[in-house]
Protein chains: 2
Amino acid sequence: MISGETVPGKIEAKSLVDAVTERLEAAIIAGELTSGERVREQVLAAEYGISRGPLREAIRRLEGRRLLERIANKGVRVVDLSPRRLDELLKVREALEGMACRLAAERITPDEVAKLRELLTEHGSSSEVQSGEGYYQQSGDFDFHFRIAKASDNEFLISMITGDLYDLLRVYRYKSSTMTGRATRALEEHHAILDALDAGDPDRAEAAMRVHISNARIHAGLAMAKAQQDEDAAD
Amino acid sequence: MISGETVPGKIEAKSLVDAVTERLEAAIIAGELTSGERVREQVLAAEYGISRGPLREAIRRLEGRRLLERIANKGVRVVDLSPRRLDELLKVREALEGMACRLAAERITPDEVAKLRELLTEHGSSSEVQSGEGYYQQSGDFDFHFRIAKASDNEFLISMITGDLYDLLRVYRYKSSTMTGRATRALEEHHAILDALDAGDPDRAEAAMRVHISNARIHAGLAMAKAQQDEDAAD
DNA sequence: CCAGGCCATAGTGTCGACACTGGAATACCA
DNA sequence: TGGTATTCCAGTGTCGACACTATGGCCTGG
């Protein structure tokens, strides 16, 4: 449900539409607007302290980015995220990040490699990783992937991965992590990826990344199936 | 109310925004709005016979799909398509369609394969292909790729390829085809792809598709560089 | 008591008007 | 005359009002 009490983030920056878009995006990612939930324009507009015009434009933008869906004369909903769709998403991610990793291997600097290595070492020593769960680790995982995508130096690819794909994936965050329960394994895979990057071997880099994401996909599929079972059992 | 006057491209379907979005998209693809061209809202709105509200919403949607860019308080432009960006685009395409082809190989039906084979045979006997140029061939190429993408049975992937990527690529159409001058070669590559699909070999199918698109990318790069030279020389 | 249609209402769809911004042409001053 | 300040205009940004559509409750007739 939506907490009606606070208005912690009123809008008054550059373009209202830009600001509102970010805020909406953040709300979706943070789970304030849950998947499949219907959104009422007037309510949101009032909440953000703006009129419906800019809000509708912001909605349209997110519509174009597949975060929101509109049914004519009925309203707007946050995208519906079925297990099947997550599977689809992760296959696309495999393709995209595989390519990003390949390109990164061709042009990444030793400096960047060192930073990534540091990041992984940090993760490895983190107690949270060892216990196999944790919020920080999740964001750390994103960070690792994020940097590699950036290193591809392909603007379009970067914006597709970090702009579109990650937003969608984050919507799943609180539902099912793709890493929980396989943290150490994932860390190993990260190291394998980094080794390939370090060696400047595009083929190996792409392959390593694809294995990593493919494993995450399979794991997520199992996890969601299990969660579904538990839910059914609980009812 | 909207006057009943019939103007070549007036809108009066379901939701104005939907209709206008399609029309705008078509205009961009058809080259009526050229790359980099500035677009004035009032003019367009008048042209389509609607008010600025829905038009702006349509623009926002295409903005989210990267076909249009907006600079605050300045206006809207059709995306700027540099040779570098085409190169980036085609790398993404390689990754995405490679994956689509892999998935297609796993589940394509003999029936579909037969249809694709027919399509290629038709292309091969076309005189246009033999001369190495031609409009039909270009759309035929899209058709081939389109069907394979569909066969992947991954809705998200399909919408990314056919919804986003192809639109963007089409903007380049009249500037530089990725096929002209290598029609027979491309046809061979198409056959190689189809053979792999027919054999149900995902690895080979993906590899074949990637080689095909990679070649197209390299070819397009050379073609654009040459066009640039010619242009410079002409000045 | 139930089925079917009518009406009230909430919410989306569209519009025209007004406010604000950036840029260009012009006027002004040294 | 050249450079700068000023004014004006085209165009974008935002808003509130009105029109239309869908949905749920209510009323009526069987």
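The values are calculated or read from the model by the stated rules, or taken from the named source; none is laboratory data. Note that the structure is a prediction, hence the values are computed from the model and not measured. Cβ atoms come from the backbone with ideal geometry, glycine included; neighbour counts cover every protein chain shown.
Side notes on the structure shown:
- Residues that are within 8 Å of chain A (Cβ to nearest Cβ), under 15 Å from A:Arg56 (Cα atoms) and not hydrophobic (A, V, I, L, M, F, W, C), drawn from segment B:51-75: B:Gly53, B:Arg56, B:Glu57, B:Arg60, B:Arg61, B:Glu63, B:Gly64
- Scoring A:Glu106 on the criteria (1) surrounded by fewer than 16 Cβ atoms within 10 Å (Cβ to Cβ); (2) away from DNA strand C (no atom under 12 Å from the Cβ); (3) within 9 Å of chain B (Cβ to nearest Cβ) leaves a single failure, condition (3).
- For segment A:20-33, the set of residues classified as closer than 23 Å to A:Ser82 by Cβ and either within 14 Å of chain B (Cβ to nearest Cβ) or within 16 Å of DNA strand C (Cβ to nearest atom) (or both) consists of A:Leu24, A:Glu25, A:Ala27, A:Ile28, A:Leu33, listed by residue number.
- The test for being modelled with pLDDT of 95 or more, more than 9 Å from DNA strand D (Cβ to nearest atom) and crowded, with 16+ Cβ neighbours inside 10 Å does not hold for A:Ile28.
- Subset of segment B:36-66 [touching a helix residue (DSSP H, G or I) at 6+ places or on another chain (Cβ under 6 Å), in a loop (DSSP other than H, G, I, E, B) and more than 14 Å from DNA strand C (Cβ to nearest atom)]: B:Arg65
- Residue within segment B:133-140 that is at pLDDT 90 or above and either within 14 Å of chain A (Cβ to nearest Cβ) or within 22 Å of the chain's Cα centre (by Cα) (or both) present: no
- Taking the conditions (1) of a type in the set (A, V, I, L, M); (2) without any contact (Cβ under 8 Å) to a residue 12 or more places away in the chain; (3) closer than 23 Å to A:Arg182 by Cα in turn, A:Ala114 satisfies each one other than (3).
- Any hit, segment B:15-24, residues being among the hydroxyl-bearing types (Ser, Thr, Tyr), surrounded by fewer than 19 Cβ atoms within 10 Å (Cβ to Cβ) and either in the same structural domain as B:Leu89 (by TED's automatic domain parsing) or closer than 18 Å to A:Ile59 by Cα (or both): yes
- Taking segment A:16-35 as the range and being farther than 26 Å from B:Asn73 by Cβ and in contact with a helix residue (DSSP H, G or I) (Cβ under 7 Å, 6 or more places away or on another chain) as the test, the residues that pass are A:Ile28, A:Ile29, A:Leu33, A:Ser35.
- Of all residues in segment A:31-49, those that are modelled with pLDDT under 95 have Cβ atoms under 6 Å from Cβ atoms of residues that are β-branched (Val, Ile, Thr) and within 12 Å of DNA strand C (Cβ to nearest atom), 6 or more apart or on another chain, in A:Val39/A:Val76.
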